[in-house]
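Report on the following structure.
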Amino acid sequence: MRRPLIAGNWKLHKTRDESVALVTALKAAVAGVDSCDILVAPPFTALAVLAPLLAGSNIQLGAQNCYPETTGAFTGEISPQLLKDAGCSAVIVGHSERRQLFAEDDAFINRKVKAVLAAGLTAILCVGETLEERENGEILDVLTRQTKGGLAGLDATVLQNVVIAYEPVWAIGTGKTASNEDAQEVHSFLRGLLRGSYDQATADNTRILYGGSVKPDNVDGLMAQDDIDGALVGGASLKAEDFARIVRFG
Ligand code: 13P
């Protein structure tokens, strides 16, 4: 029902030459894989270089961030339209690093989601609690606020171009992952939120990815969970062999 998506978030890594080398190796390593969608999100500077390399392949190109305006006096910012022009089909929005390091709030993230959708791209909306929020028992409140805030004002018809990524902040880059059962429980809760805000069909059709220290040795257990529809991979997406193994989960 939901086609899995395995997405690599390269964060602030890879020059253009390194990006070409990684994508060249990755293309070979995942050639012929048709069991899931595959996406890489390199730094902005590599996008236009990688687009022709990825054209016609089974790997899609995404961006890690955007600004929610089309054009104008916004020094240093990049619009969804420019990302589309560079060959992107998706944009990651509301990553916890942007929430924490750049003080992005749900209202701003909501503007970005809308801008990405208006440009005809897929929005990958990240949500996730910090360790403190988890320990304080606030996890469901935080996830509700971030999910409803990020999707505010969107109707069910555009949700087909939205992917949710659950990334517990304490699992990012730490080597710690939520247990398969804990992750499944949260994903099921998020799907319930979609059912409540929209309808059963929207909840059934929206992909919810897990992110946070996803590696070749834990992906199979995570992907076996009913409500986990893919992975948003940081560190392990920087090595073609590791990312290809994640893509070939099973
Ligand atoms: P790691 O896989 O390095 O923990 O990063 C996860 C992440 O933040 C992906 O967006």
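The values are calculated or read from the model by the stated rules, or taken from the named source; none is laboratory data. In this text, all values refer to a predicted model and were calculated from it rather than measured experimentally. Quick reminder, even Gly has a Cβ in these numbers, built from the backbone with ideal geometry, and neighbours come from all protein chains shown. Accessible surface areas use protein heavy atoms only, side chains included; no ligands, DNA or RNA. Shrake-Rupley method; radii C 1.70, N 1.55, O 1.52, S 1.80 Å.
Of note:
- When Ala63 is tested against (1) in contact (Cβ under 8 Å) with a residue 40 or more places away in the chain; (2) of a type in the set (Gly, Ala, Ser); (3) touching a Cys at 6+ places or on another chain (Cβ under 8 Å), exactly one condition is not met: (1).
- Exclusive hit being touching a Lys or Arg at 6+ places or on another chain (Cβ under 7 Å) and farther than 23 Å from Leu22 by Cβ, set Asp199, Asp141, Asp227: Asp227
- Criterion (on the phi < 0 side of the Ramachandran plot and modelled with pLDDT under 95) met by exactly one of Ala156, Ala178: Ala178
- Close contacts from region 78-104, counting a first residue that is free of Cβ contacts under 8 Å to residues at least 12 places away in the same chain and a second that is within 11 Å of the ligand (Cβ to nearest atom) and open to solvent by 10 Å² or more (accessible area, probe 1.4 Å), with Cβ to Cβ under 6 Å and a gap of 6+ residues or different chains, come to Glu104/Arg98.
- Tabulated pairs, region 23-41, first free of Cβ contacts under 8 Å to residues at least 60 places away in the same chain, second open to solvent by less than 10 Å² (accessible area, probe 1.4 Å) and outside any strand (DSSP E or B), C-beta under 6 angstrom, 6+ apart or interchain: Val23/Leu50
- Some residue of region 66-77 being closer than 27 Å to Ser213 by Cβ, out of contact with any strand residue (DSSP E or B) (no Cβ under 6 Å at 6 or more places or on another chain) and within 16 Å of the ligand (Cβ to nearest atom): no
- Scanning region 122-142 turns up no residue that is away from the ligand (no atom under 16 Å from the Cβ), closer than 23 Å to Glu77 by Cα and assigned to a helix (DSSP H, G or I).
- Qualifying residue in region 101-108 (condition: at pLDDT 95 or above, within 16 Å of the ligand (Cβ to nearest atom) and open to solvent by 40 Å² or more (accessible area, probe 1.4 Å)): yes
- Residues satisfying the stated conditions in region 239-250, i.e. within 15 Å of the ligand (Cβ to nearest atom) and open to solvent by 40 Å² or more (accessible area, probe 1.4 Å): Lys239, Asp242, Arg245, Phe249
- Set Ser197, Ser213: member being within 16 Å of the ligand (Cβ to nearest atom) and either at pLDDT 95 or above or among the hydroxyl-bearing types (Ser, Thr, Tyr) (or both): Ser213
- Any hit, region 221-234, residues being at pLDDT 95 or above, of a type in the set (D, E, K, R) and within 16 Å of the ligand (Cβ to nearest atom): yes
- Of the residues in region 161-171, not one is within 16 Å of the ligand (Cβ to nearest atom), open to solvent by 70 Å² or more (accessible area, probe 1.4 Å) and touching a residue at least 60 places away in the same chain (Cβ under 8 Å).
- Taken together, the residues in region 198-237 that are surrounded by fewer than 18 Cβ atoms within 10 Å (Cβ to Cβ) and either in contact (Cβ under 8 Å) with a residue 60 or more places away in the chain or in a helix (DSSP H, G or I) (or both) amount to 6.
- Note on region 5-36: residues that are closer than 30 Å to Asp204 by Cα and away from the ligand (no atom under 16 Å from the Cβ) total 7.
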